[in-house]
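**Student:** Have a look at this one.
Read the figures in this text as sums done on the coordinates, not as results from a lab. Just so it is clear, the model here is predicted, and its values are computed rather than measured. Here Cβ is always computed from backbone atoms with ideal geometry, including for glycine, and neighbour counts include all displayed protein chains.
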Amino acid sequence: MKHHHLIVAVLLGGVVFGLYFTTLAPGVLGGDAGELQFVPSLLGLTHSSGYPLQVLLDKTWVSILPWGTIAWRTNLLSSVVATFGTLLVFAYTLNATENLLLAILASFTLSTTQIYWSQAVLADKYALNGLLAAGLLLASYRFWQKPIAWNMVCLTFM
């Protein structure tokens, strides 16, 4: 990635995170999001499948971040994760097309769609799923482009 691409990615991430932060759910929620706000404190499991990676990430995040309620902190983690997901889409599109404007447009479009945005501002599993899906897409493309060991390792752990 070129130096100016990195600057654009940082600016894009800042704008997207700023949008999510200003619309972040302020506290305790109901349903799955409420469950995922509560369970990490106990290091328990949620309903079927349990979302163990989500629970461990939330627990770590809540333990590290010293301010705000636990519910707000878990909502904030979803915003951070969703922002990184859009940055992975930016990286993938830039790798695949070598078109900076298209990469900006693709990632910004994803980040501002109603469904993606709605999941980026509350503590639910979909922001993490989006990040992992975007990472898998990028890792697959990079391995297809250049089948070397490092790219295979990245693909394996996505």
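**Student:** List, in order, the whole-Hz ³J(HN,Hα) value for each residue of region 17-33 obtained from phi through the Karplus relation with A = 6.51, B = -1.76, C = 1.60 and θ = phi - 60°; use x for Gly and Pro.
**Tutor:** Result, ordered by residue: 4, x, 4, 5, 5, 6, 10, 4, 4, x, x, 5, 10, x, x, 4, 4 Hz.
**Student:** Here is a follow-up. In region 1-73, which trypsin sites (Lys or Arg not before Pro) fall in coil by DSSP and have 12 or fewer other Cβ atoms within 10 Å?
**Tutor:** Lys2
**Student:** Match the structure shown to one of the listed values (1) 16.3; (2) 16.9; (3) 18.4 of Kirkwood radius over Cα pairs in Å, computed from it, and give that label.
**Tutor:** Computed from these coordinates, Kirkwood radius over Cα pairs in Å corresponds to label (1).
**Student:** I'd like to know which of Thr60, Gly18, Leu138 lies farthest towards the positive end of the charge dipole of region 1-149, counting +1 on Cβ of Lys and Arg and -1 on Cβ of Asp and Glu.
**Tutor:** Farthest towards the positive end: Leu138.
**Student:** Helix 52-64 versus the longest principal axis of the chain: what is the Cα-based angle in degrees, 0 to 90, to the nearest 10?
**Tutor:** 80 degrees
**Student:** Here's a follow-up. Mind running the shape call on region 1-79? Use the C-alpha gyration tensor, a ≥ b ≥ c as the square roots of the eigenvalues: rounded below 1.5 for a/c, prolate if a/b tops b/c, oblate otherwise.
**Tutor:** prolate
**Student:** Sticking with this one: Note the full-extension length gain between Lys146 and Thr69 as 0.36 nm times their separation in residues minus their Cα-Cα distance, in nm to one decimal.
**Tutor:** 23.2 nm
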